[in-house]
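Below you'll find the structure, written out as structure tokens, and then a few comments.
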Amino acid sequence: MPATAIGRISIPKGWAYDVGVSFENTAKPILVKSVKKKGPMWGKLRQGYLVHGIVLGDNRKVEGLNGGQLKTLLENTSKSPDRKLLVQVAFPEEVELRFGSNHTYNHEDVGFEQLGNKIILKKIHNNELKQQILPGMQIGSIFFEDVGVEVFGYKWSDLASCLKGTTNCRINMWDPKREAPRTRKTSLPRRLDLELPAGVADLGLQLTATTSRAGEKQLKITAASAAGTKCWLGGQGKLLSGMLVQTLLVDNYVFSDLKTSQGLMSTLAKTSGRPDRIMMLERPEENGTISTSKIINGKLSKSNAPTVKKDIKTQKNSIPSSNTQLGLEFEGTATGVIRIKSSSIRNAKVGQTIVGFIDKDGTEYSDIADYDLREMLDMSQNTRNRFLVVKDAQWEDNVLSTTAEQECEL
């Protein structure tokens, strides 16, 4: 539980309002919105703390301030020694923490525990993370970047195996006073391309043959394998339960006989030595059907490519001015598509494609290659108002061949 006592935190001499801390301007007491990492108040103030007032160098206490008034007072007394903020320790409404091989923190840096219907952050082993937050917050939701799945309302017993090793995820921590999610919810990606490492001959997942309402055969992931075979994705593989296996690409050759688990397992075993394999998954539509495509002699014909919604939305995402803070990895495919491999940008998800770049002047560039994008990012570094335009990937993005006559053998 957060403390309610009001303590005194010393203010460095010369420290003014705009150096590393932002406050809510109108709130009383004043809410700390953010604290600059490694700034003069880093580790002293934290997001969510409440400032009730200030004690000046002559021991005068000033209370009942709003953020704007505190700013003025700090600036006017910046040369005064022995100033102190009157602070109440409190939790922010929510804060995002990022873990995994693509981020600063490791899963071993924290310890969680199930208390009633909430998963509480009990221990912090990383000194830097201790400067940012305090133990006691609860897990609100988790977005697993490697598989594009977001979960709510899970028990710790369900999540513990997923939050290990190099798993990249963003954990949205909530104020412990906030009501926990009432129901368990899993938000699956609309489409997901999974790169299969060479040597993987068994997915380590349970697969079930089903039939759609339209009478089409489908292959659904139902759970992690109970046969002892480990999934190459680790514990997070079970989060893909409900996704449908659409096809398997090996060197841009499309395998069609994947409507039974035996067919998929046989294909995986035969291609386990190949380095370039992509398994394409799709989320069932609400009516229980998915868009499908005809496959001719093992190749997707352009005219029969999977259904693409022409009105698919693109999203403009603001990116940091410094490329070192970008937190984004992408690659150009053989078909000229820029695919996101890992991302710390909130609305740019793994598996999506980058379709445009907008510079500081508002000029939008589209139909760009990955090397064009890298050059644009380098040339625009240290400028504000940069944006990436992304969209959900389309199946045809990964297909080179267009006709049956162009078929080639592996």
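The values are calculated or read from the model by the stated rules, or taken from the named source; none is laboratory data. All of these numbers come straight from a predicted model, not from anything done at the bench. We place every Cβ from the backbone using ideal geometry, glycine too, and count neighbours over all the protein chains shown. Accessible surface areas use protein heavy atoms only, side chains included; no ligands, DNA or RNA. Shrake-Rupley method; radii C 1.70, N 1.55, O 1.52, S 1.80 Å.
Over all distinct Cα-Cα pairs of region 63-114, the Kirkwood formula returns a hydrodynamic radius of 15.4 Å. Between Ile6 and Gln206, the distance separating the two model label sites (each 7 Å from Cα on the Cα→Cβ line) works out to 5.8 nm. Computed from the Cβ-Cβ distance with R0 of 51 Å, the FRET efficiency linking Ser80 to Ser266 stands at 0.10. In the context of the full set of protein chains, residues of region 153-235 present 51 Å² of accessible surface per residue (probe radius 1.4 Å, heavy atoms only).
Of all the accessible heavy-atom surface of region 143-183, with the other protein chains kept in place and a 1.4 Å probe, what percent is carbon and sulfur?
Of the solvent-accessible surface of region 143-183, carbon and sulfur hold 48 percent.
Estimate the FRET efficiency between Ser322 and Gln69 by the formula 1/(1 + (r/R0)^6), using the beta-carbon distance for r and 25 Å for R0, to the nearest 0.05. Calculated value: 0.15. For a paramagnetic label modelled on Glu329 (point 7 Å from Cα along Cα→Cβ), amide N atoms under 18 Å away belong, within region 340-355, to 340-346, 348-354.
So with the 1.4 Å probe, I'd like the accessible area per residue for region 1-126, rounded to whole Å².
Spelled out: the 1.4 Å probe surface of region 1-126, per residue, equals 52 Å².
Here region 328-374 and region 101-115 have alpha carbon centers that stand 29 Å from each other.
Order the peptides 240-249, 69-78 from the highest to the lowest mean number of other Cβ atoms within 10 Å of their residues. Present the calculation step by step, with values, prior to reporting the outcome.
Numbers: 240-249: 21.5, 69-78: 15.9.
The peptides rank, most packed first, as 240-249, 69-78.
Summing +1 for each Lys or Arg and -1 for each Asp or Glu among the other residues whose beta-carbon sits under 11 angstrom from that of Leu45 gives +4.
Summing Lys and Arg as +1 and Asp and Glu as -1 over all other residues whose Cβ lies under 14 Å from the Cβ of Ser344 gives a net charge of +1.
Quick one: check the C-alpha center-to-center distance for region 138-198 versus region 7-66, whole angstrom. If we compute the Cα centre of each part, the gap is 34 Å. Can you tally the net charge around Arg178? Count Lys and Arg as +1, Asp and Glu as -1, for every other residue whose Cβ sits under 14 Å from the Cβ of Arg178. Residues near Arg178 contribute -1 overall. Annotation: extensible slack from Asp158 through Gln131 equals 6.8 nm (criterion: 0.36 nm per residue apart, minus Cα-Cα distance).
Rounded to the nearest 10 square angstrom, Met280 shows an accessible area of 0 square angstrom against a 1.4 Å probe.
Dipole size of region 137-223 about its Cα centre, with +1 on Lys/Arg Cβ and -1 on Asp/Glu Cβ: approximately 440 debye, rounded to the nearest 20. Bridgeable lysines around Lys185 (alpha carbons under 22 Å apart, same-chain partners fewer than 8 residues away excluded): Lys118, Lys155, Lys164, Lys177, Lys220, Lys238, Lys349. A protection proxy built from the mean count of other Cβ atoms within 10 Å ranks the segments 133-146, 366-379, most packed first, as 133-146, 366-379.
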